[in-house]
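Heads up: the structure comes next, in structure tokens.
None of the figures in this text is laboratory data; all of them are computed from the coordinates on show. Fair warning: this is a prediction, and the values are worked out from it, not measured in the lab. For neighbour counting, all protein chains shown are included, and Cβ atoms are generated from backbone atoms with ideal geometry for every residue, glycine included.
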Amino acid sequence: MMSFFKTIREDIDAIFERDPAAKNVLEVLLCYPGLHAILIHRFSHALFRRGWVILPRLISNTARFLTGIEIHPGAKIGKKVFIDHGTGVVIGETAEVGDNVTIYQGATLGGTGKDKGKRHPTIGNNVVISCGAKVLGPFKVGDNSKIGSGSVVLKEVPPDCTVVGVPGQIVIKENKKLRSVHNNEIDLEHGKLPDPIAEELSCLQKRIIDLEKKLAQMDMEKERGHNDEAV
């Protein structure tokens, strides 16, 4: 029982660490649907582990109705997980979420196909999953990684990476730690990420400009050759 209340205290602390809008404990307890969803899930998950099926699913459905967040009772949720706002968040049955993870509204930890067994992702520690991101499949997202808004991730992500795009592409790897060992902070700047499509279009635009310059130079040389022949 003491362990259960300690976990709740850690969940509340995570909100104060990552949400500047949080004012006091009473507000967090009464007004944060992400916290409500996680607390209810911890209870339904305990029943699910004991072999119950229908009751945990009914509790999960009730939590979804109340919070807009769907967490299957079979999912494993670590400590200090913060679901910010949370509307539309879906976490599947065999998903595993590590410690100090931040999940924003509309994110999905889902499966692909109809295979039995492990079919949802495993999220490492200190990961940020941004608004509308979809992580689909039975692979791992490494510690300290960040999934950009609207990204669709279909394959494993190594630690200390930033992934953006559809399908997701790694655009930052190991050159910047998303979690500092010294100050225990998590980088939540999920709105300032590279755009690989824009970068590719910029490269194509530059190449087109270079080709146009070369064509113009060739036309000038050709015109000069005609004038020399005429003389």
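Cut-off under 20 Å on the C-alpha distance; same-chain residues fewer than 8 positions from K222 excluded. Which lysines are left, in chain and number order?
Partners found: K213, K214.
State the answer as a single residue: which of I129, T112, V141 lies farthest towards the positive end of the charge dipole of region 63-143, with beta carbon charges of +1 for Lys and Arg and -1 for Asp and Glu, about the Cα centre.
Working it through, the farthest residue towards the positive pole turns out to be T112.
Reachable lysines from K79, Cα under 26 Å, same-chain residues fewer than 8 places away excluded?
The qualifying lysines are K6, K23, K118, K134, K140, K146, K155, K173, K176, K177.
If you put +1 on each Lys and Arg Cβ and -1 on each Asp and Glu Cβ, how big is the dipole of region 2-194 around its Cα centre, in Debye rounded to 20?
600
Can you tally the net charge around K140? Count Lys and Arg as +1, Asp and Glu as -1, for every other residue whose Cβ sits under 14 Å from the Cβ of K140.
Local charge sum for K140: 0.
For region 2-194, what is the convex hull volume of the alpha-carbon atoms per residue, in Å³?
116
Of the options H45, V81, L66, report the single residue whose Cα projects farthest towards the positive end of the charge dipole of region 32-96 (beta-carbon charges: Lys, Arg +1; Asp, Glu -1).
Comparing the listed Cα positions along the dipole, H45 ranks first.
Take peptides 128-139, 105-116, 44-55 and line them up by average Cβ neighbours within 10 Å, highest first, as a rough protection proxy.
128-139, 105-116, 44-55
With Cβ to Cβ distances under 10 Å as the rule, what net charge do the other residues near A95 carry (K, R +1; D, E -1)?
Net of charged neighbours comes to +1.
Of V25, V81, how do they rank once you tally other Cβ atoms within 10 Å and put the fewest first?
V25, V81
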